[in-house]
Structures are given as structure tokens and as C-alpha cells.
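Below you'll find the structure, written out as C-alpha cells, and then a few comments.
The values are calculated or read from the model by the stated rules, or taken from the named source; none is laboratory data. Only a predicted model underlies this, so the values are computations on that prediction, with no experimental measurement involved. Note that each Cβ is placed from the backbone with ideal geometry, even for glycine, and that neighbours are counted across all protein chains shown.
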């Protein structure tokens, strides 16, 4: 078996535009997810800086909502990043195997992702590529993975203006236009993820350019979203970043009790009783004493 950075590679877990992820083992036998960058990309100094940023981002957020970083080599050849292995399917695989989520499932998913984004943004980071393929449905709740294009909110852009990084269909309008982004772009992506989990597609199907065009210029298709969540998802997908809710506001709205329209409003408890006063007895008739 091949060893990379001292880790014994067992099998490939997946492959993306930036590299390949393997299931590997430490010398002590612990499972890790080993992400190895493509050789042609590793030769690019700009990519190396992005890879370094990914490692720093993942370490800053920690492991409660993500997969904690175990080890990394940001200077060697190949470039690699080892994180704790989180068993479970991606949200994309879960939807393909089990179908769409009902309103309760969507609320739970949305709350977990909003909590994760709140943690990510509190570190001064923006994920920039939240999508079903980057969400692991772990036993203890969804984990957000792949900070490959995350960056510090205040850092210098590593990409040229006018270049959009991310996944069409989940890109916020400001990303599609190549503008600077804030955490509001992740909230936009969360809205698109909820549409996908409900069985729809916020911007339909088609080419990447077509999806980006519709995200900038057209209203989203929310026909698959349950009525009880339509307003909230629509707010997430607002064209203007300032019009989108924050992760904290999302948590408030997603975890508040949902009224049951089939059940009448609960009366005050204990009930307030209105007691009419008993009418006073008439005074006894006056009887004069005998003579």
C-alpha cells in the first residue's frame, strides 16, 4: 500500500477539481481523510497559497462543526491535508439514496448549517463553497467540509477580480459577478442547499453560466420548499447581501416552535374563571312587636 506523509492509504473516497481524498491510517491505526492536491495545481504558487489558507481555515474553525485537522504539509510535494475521518454520506449521497427531506428534516438541517456558519464566520472566515457535496451527514449532525476556497474575510484576494470560485447553483450573485464576498454569501448557499434538500433547484438546470445568470437576475424557484419555510429560504436567497438573515437570525427562526394550524390556540393556563357575584338576600320583612 502507498504511504503519503507517513499515512497508509487504504482507498479513494472521492475526487474533485483540486485533488483526491483518500481514506488512510495513522501508524497507530486511526482513520483519517487524506486530501492530496493535484500535482499540476501544486506547481502554481497561487494555488499553494490557497491550499495554505485552507489548512489555516480548517484549523481555526476546529472540529465541532467540521473535521478537525490532524496534520498537513503545505510546503512539500505533494501538498496534503489530513483530517479526522468522519463516517457518513454526503448530503448529496443521502438525498440520492433516501429522497427529499420533509419540513422537520429541513429545519434540523438548516439549524445545524446555520450554527456551523456562525462558528466559521466568528473566526473571520467565509467558506464560499457550501453545497450538498461538502456536507457530511454524521451521526452527531451535519459537518461542513472542504475549505479549499475559504479565505479570511479581511485578507487580500488571491484571485483576480471578475473570477468566480465556487459551485454554480449555490453561488451568491456577488460571487457570480466576481465581487468581494462576506458571510452573507454562505447564507445564500445555505438557502440553495435547503431547496436542493427539498427536492428542487433554486436556479433550475443548465450550463454553469446559465445558473449564474439566473442567480443574479431571476427569482429562485421555491416550488419544492414547504410553505412553512418558503419565506425564510426566500430571504436567504435575496439578491442583496444586506437583505439576507444572519446565521444567528436563522437559528432563531428555525428553532422557534411551529404552530399547528389544525389545533386551536391554547387557552391561558390555568383558565381564568369569571364568577358572577351572588345576589344579596333581601332583608327580612319588618314585623312590629305585639302590643
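Do the conditions hold for residue 77, that is, is it assigned to a loop (DSSP other than H, G, I, E, B), buried (at least 18 other Cβ atoms within 10 Å of the Cβ) and modelled with pLDDT under 90?
It is false that residue 77 is assigned to a loop (DSSP other than H, G, I, E, B), buried (at least 18 other Cβ atoms within 10 Å of the Cβ) and modelled with pLDDT under 90.
When you go through (1) surrounded by fewer than 17 Cβ atoms within 10 Å (Cβ to Cβ); (2) within 29 Å of residue 115 (Cβ to Cβ) one by one for residue 10, which number turns out not to apply?
The single condition residue 10 does not satisfy is (2).
Scanning for something at pLDDT 95 or above, part of a loop (DSSP other than H, G, I, E, B) and within 20 Å of the chain's Cα centre (by Cα), does segment 206-220 turn up at least one residue?
yes
For residue 181, which of the numbered conditions (1) over 23 Å from residue 144 (Cα atoms); (2) at pLDDT below 95; (3) surrounded by 15 or more Cβ atoms within 10 Å (Cβ to Cβ) fails to hold?
In the conditions (1) over 23 Å from residue 144 (Cα atoms); (2) at pLDDT below 95; (3) surrounded by 15 or more Cβ atoms within 10 Å (Cβ to Cβ), residue 181 misses (1) alone.
Please enumerate the residues belonging to segment 103-131 that are more than 9 Å from the chain's Cα centre (by Cα) and modelled with pLDDT under 95. Can you show your working first?
We begin by selecting, within segment 103-131, every residue more than 9 Å from the chain's Cα centre (by Cα); these are 103-108, 118-129.
Once the filter is applied, which keeps residues that are more than 9 Å from the chain's Cα centre (by Cα) and modelled with pLDDT under 95, segment 103-131 yields 118, 119, 120, 121, 122, 123, 124, 125, 126, 127, 128, 129.
Could you check, for segment 85-102, whether at least one of its residues is touching a residue at least 40 places away in the same chain (Cβ under 8 Å) and part of a strand (DSSP E or B)?
There is at least one residue in segment 85-102 that is touching a residue at least 40 places away in the same chain (Cβ under 8 Å) and part of a strand (DSSP E or B).
Taking residue 242 as the residue in question, decide whether it is surrounded by 17 or more Cβ atoms within 10 Å (Cβ to Cβ) and modelled with pLDDT of 95 or more. Lay out the reasoning, then the answer.
Numbers: surrounded by 17 or more Cβ atoms within 10 Å (Cβ to Cβ): no; modelled with pLDDT of 95 or more: yes.
Spelling it out, it is not the case that residue 242 is surrounded by 17 or more Cβ atoms within 10 Å (Cβ to Cβ) and modelled with pLDDT of 95 or more.
Here's the yes/no breakdown for (1) assigned to a strand (DSSP E or B); (2) in the same structural domain as residue 11 (by TED's automatic domain parsing); (3) farther than 22 Å from residue 190 by Cβ:
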| residue | (1), (2), (3) |
| --- | --- |
| 29 | no, yes, yes |
| 49 | no, yes, yes |
| 58 | no, yes, no |
| 64 | no, yes, no |
| 71 | yes, yes, yes |
| 112 | no, no, no |
| 120 | no, no, no |
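Tell me whether segment 186-201 contains one or more residues that are free of Cβ contacts under 8 Å to residues at least 24 places away in the same chain and either in a loop (DSSP other than H, G, I, E, B) or in contact with a strand residue (DSSP E or B) (Cβ under 7 Å, 6 or more places away or on another chain) (or both).
Within segment 186-201, the first condition is being free of Cβ contacts under 8 Å to residues at least 24 places away in the same chain, and the residues that meet it are none.
No, segment 186-201 has no match at all.
Right, residue 45: in contact with a strand residue (DSSP E or B) (Cβ under 6 Å, 6 or more places away or on another chain) and surrounded by fewer than 17 Cβ atoms within 10 Å (Cβ to Cβ) or not? Give the derivation first.
Numbers: in contact with a strand residue (DSSP E or B) (Cβ under 6 Å, 6 or more places away or on another chain): no; surrounded by fewer than 17 Cβ atoms within 10 Å (Cβ to Cβ): yes.
When the stated conditions are applied, residue 45 does not pass them.
Restricting attention to segment 161-176, and to residues there that are in a loop (DSSP other than H, G, I, E, B) and at pLDDT 65 or above, which single residue is nearest to residue 204 (Cα to Cα)?
If we filter segment 161-176 for residues that are in a loop (DSSP other than H, G, I, E, B), which is where we start, we get 161-172.
Within this subset, residues satisfying the condition of being at pLDDT 65 or above are 166-172.
Details: 166: 17, 167: 14, 168: 11, 169: 8, 170: 11, 171: 13, 172: 15 Å.
Across segment 161-176, the extreme among qualifying residues is 169.
Give me the pairs: first residue in segment 111-126 and closer than 14 Å to residue 145 by Cβ, second residue in a helix (DSSP H, G or I) and at pLDDT 90 or above, beta-carbon distance under 8 Å, and six or more apart or on different chains, which are they?
113/190; 113/193; 117/186; 117/187; 117/190; 117/247; 120/186
Condition test on residue 224, is it modelled with pLDDT of 95 or more and surrounded by fewer than 19 Cβ atoms within 10 Å (Cβ to Cβ)? Before the answer, list the steps.
On the way: modelled with pLDDT of 95 or more: yes; surrounded by fewer than 19 Cβ atoms within 10 Å (Cβ to Cβ): yes.
Answer is yes for this residue.
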